[in-house]
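Each remark here refers to the structure printed beneath this line.
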2 protein chains.
Amino acid sequence: MATSAEVTASNPGSGEVPGTFDEGYKDGWFSELSSMWPGQALSLKVDKILHQTKSDFQDVCVFQNEAFGNVLVLDGVIQCTDRDEFSYQEMIANLPLCSLPYEPKKVLVIGGGDGGVTRELARHKSIEVIDQAEIDGEVPRTSKQFFPKMAVGFDDPRVNLRITDGLKFLEECAENTYDAIVVDSSDPVGPAEVLFQRPFFESMHRALKPGGVVSTQGESLWLHLELITEVAKMCKDVFVGGTVNYAYTTIPTYPSGQIGFMLCAKANDGEPFSFKESRRSPPEGLRYYDEDVHRAAFCLPKFAKEALRGHLTS
Amino acid sequence: MATSAEVTASNPGSGEVPGTFDEGYKDGWFSELSSMWPGQALSLKVDKILHQTKSDFQDVCVFQNEAFGNVLVLDGVIQCTDRDEFSYQEMIANLPLCSLPYEPKKVLVIGGGDGGVTRELARHKSIEVIDQAEIDGEVPRTSKQFFPKMAVGFDDPRVNLRITDGLKFLEECAENTYDAIVVDSSDPVGPAEVLFQRPFFESMHRALKPGGVVSTQGESLWLHLELITEVAKMCKDVFVGGTVNYAYTTIPTYPSGQIGFMLCAKANDGEPFSFKESRRSPPEGLRYYDEDVHRAAFCLPKFAKEALRGHLTS
């Protein structure tokens, strides 16, 4: 346990300094320390460090663990592991896509440099184009070498991977372009901070077709209910006349063992829309998501439902 | 991180030696190491150790943590914390009770020495008697001192707390006695090992009224799916003609961030019964459980649903 690592006491998303793998590495274990979850840390035994580098944007590390296989750590925070990544990737991709009352054709991924979300989107046969804007080229390079089962997503001929800033990409893209946008970001500390802010959501709203949907990494109900409530309020304001909801999934290697998704739909000539029911059959090959899991993902614990009351639509 | 603690590599429930708080305590942090979850550990910062003793049955420790408040550790495993205990207690008590098509009058708690389950049962006004068999008197004593919000359950005049072996208590109790039995046990290592075995479930079946229900601590889908499948098979065999199902809840301080419940109902003259829907209004004062959460708790991730297919009823 790297108690030597001084964690800055400041608010999430307030421009604090990100951590590193080395700060959490001691006596053969990595502990995920962060001021976003003070006083608690998931610790994983490091059987072998496979890769360690500083990219232009962040501290990158891959290590091997007996329970979870290969583990990707960016700026000292666990991003994905071989064993449980499917829960997150399947849910962040299929909750929005299977809610759509029509077959999506053109989709965008922001972040998601490991390729897992892209792999899940590529399972949908109706999709013709998968654009992707990942800020850090080191992440897809690392994934291709150490997470081939996620990076396989990049091999699909429909994928256009650009190494570029997601916000800039959106600002330059034509209005009414996408049926769905999936934002697979890290936490609002370091390079992903802008992805939790209003200008980014306004740009997504602009880039979506009417009736198009957005799904973003939405932090943890147990840890970040205030942040989630603030983001929900902002989304309801940006997606005026549209739909905003929140769902979650279980995943052992994210802080507190689960993570949520903020889901927004752009208004479509007053046509009613709800995220709560799956409208299309899920693609083949899934291990976490199905229609029942979709419906259950919106049933929030009572304390969360009460905190978010009035800030979600349907 | 207490890497100095050698964790015995053996199967859960195979009679291995339990751990201690001290084995996981190093540099001001407690890491929950166990061969039941090799290579991973939740680590909590120890602000202050409030209580430490060896009872006749186990290693007992209470410490203070900035995120979770007071934390109870038995044999080196986190049992409950001030901040998140309500999720587990509300779900293990209300999933069975609110499934009942009639008002329960007589209920039994096995284990549950912290008093949290008893508190939840006591919210049900129809209940006339709450018997409780806890093996270790040190646990209620500790709870009364350091977890008054859980121990408050013992103050209810309907509660008869006996410090005795749960299996022995059941073997001596009259047939067809209880409407519901809740088993709030630790893991199948140390004193709770027998509570995962067939003779114990047979004794519960005998002690239940026809149509009565059982809810037991059922480990984690992400970690112990094989153990869960074995217990489900055994339950289906013991509760022949009755109902067996499995539900889960999220809880940050249990391994992998969630825990499940094995639910069994005793056959009742062929009258159909299902756990999947809540049939009675939940009591006042809850923070996790409601009718929607009840229904969602049975929607297992696809990988778990497939592993348990054929071993659950409804």
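The values are calculated or read from the model by the stated rules, or taken from the named source; none is laboratory data. Since we're looking at a predicted model, the values are computed, not measured. Note that each Cβ is placed from the backbone with ideal geometry, even for glycine, and that neighbours are counted across all protein chains shown.
Given the criteria closer than 24 Å to A:F201 by Cβ, more than 9 Å from chain B (Cβ to nearest Cβ), touching a residue at least 40 places away in the same chain (Cβ under 8 Å) and more than 21 Å from the chain's Cα centre (by Cα), does A:E284 qualify?
Spelling it out, it is not the case that A:E284 is closer than 24 Å to A:F201 by Cβ, more than 9 Å from chain B (Cβ to nearest Cβ), touching a residue at least 40 places away in the same chain (Cβ under 8 Å) and more than 21 Å from the chain's Cα centre (by Cα).
Tell me whether region A:87-107 contains one or more residues that are in a strand (DSSP E or B), in the same structural domain as A:Y254 (by TED's automatic domain parsing) and touching a residue at least 12 places away in the same chain (Cβ under 8 Å).
The answer is yes; a qualifying residue exists.
Let me confirm something: among B:D156, B:D136, B:D184, which residue is more than 28 Å from B:E103 (Cα to Cα) and of a type outside the set (A, V, I, L, M, F, W, C)?
None of the other options fit; the residue is B:D136.
Is there any pair with a first residue in region B:41-54 that is touching a residue at least 60 places away in the same chain (Cβ under 8 Å) and within 14 Å of another protein chain (Cβ to nearest Cβ) and a second that is assigned to a loop (DSSP other than H, G, I, E, B) and of a type outside the set (F, W, Y) whose Cβ atoms are under 7 Å apart and which are 6 or more apart or on different chains, and what are they?
Correct list of pairs: B:L42/B:E32; B:L42/B:T253; B:L44/A:G39.
Within 27 Å of B:E32 (Cα to Cα), under 15 Å from the mean Cα position of the chain (by Cα) and modelled with pLDDT of 95 or more - does that describe any residue in region B:187-195?
no
Given the residues B:F275, B:F200, which is the only one that is in contact with a Ser or Thr (Cβ under 7 Å, 6 or more places away or on another chain) and either under 20 Å from B:G310 (Cα atoms) or touching a residue at least 24 places away in the same chain (Cβ under 8 Å) (or both)?
That would be B:F275, the only listed residue that is in contact with a Ser or Thr (Cβ under 7 Å, 6 or more places away or on another chain) and either under 20 Å from B:G310 (Cα atoms) or touching a residue at least 24 places away in the same chain (Cβ under 8 Å) (or both).
Applying the selection to region B:22-48, what residues are in a strand (DSSP E or B) and in contact with a helix residue (DSSP H, G or I) (Cβ under 8 Å, 6 or more places away or on another chain)?
Selection gives B:F30, B:S31, B:Q40, B:A41, B:L42.
Okay, residues lined up against (1) of a type in the set (S, T, Y); (2) at positive phi:
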position	(1), (2)
A:Y25	yes, no
A:E32	no, no
A:S35	yes, no
A:Q40	no, no
A:K45	no, no
A:K54	no, no
A:F63	no, no
A:G69	no, yes
A:F86	no, no
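From the residues in region B:287-296 that are surrounded by fewer than 20 Cβ atoms within 10 Å (Cβ to Cβ) and not in a loop (DSSP other than H, G, I, E, B), which one is farthest from the other protein chains (Cβ to nearest Cβ)?
The extreme case among them is B:E291.
If you scan region B:134-160, which residues turn out to be surrounded by 15 or more Cβ atoms within 10 Å (Cβ to Cβ), touching a residue at least 40 places away in the same chain (Cβ under 8 Å) and not charged (D, E, K, R)?
Within region B:134-160, B:I135, B:G137, B:V139, B:T142, B:S143, B:F146, B:F147, B:M150, B:V159 qualify.
Mind telling me which of the residues B:G116, B:G111 ends up being over 19 Å from B:C264 (Cα atoms), assigned by TED's automatic domain parsing to the domain that holds B:V244 and of a type outside the set (D, E, K, R)?
Answer to the check: B:G116.
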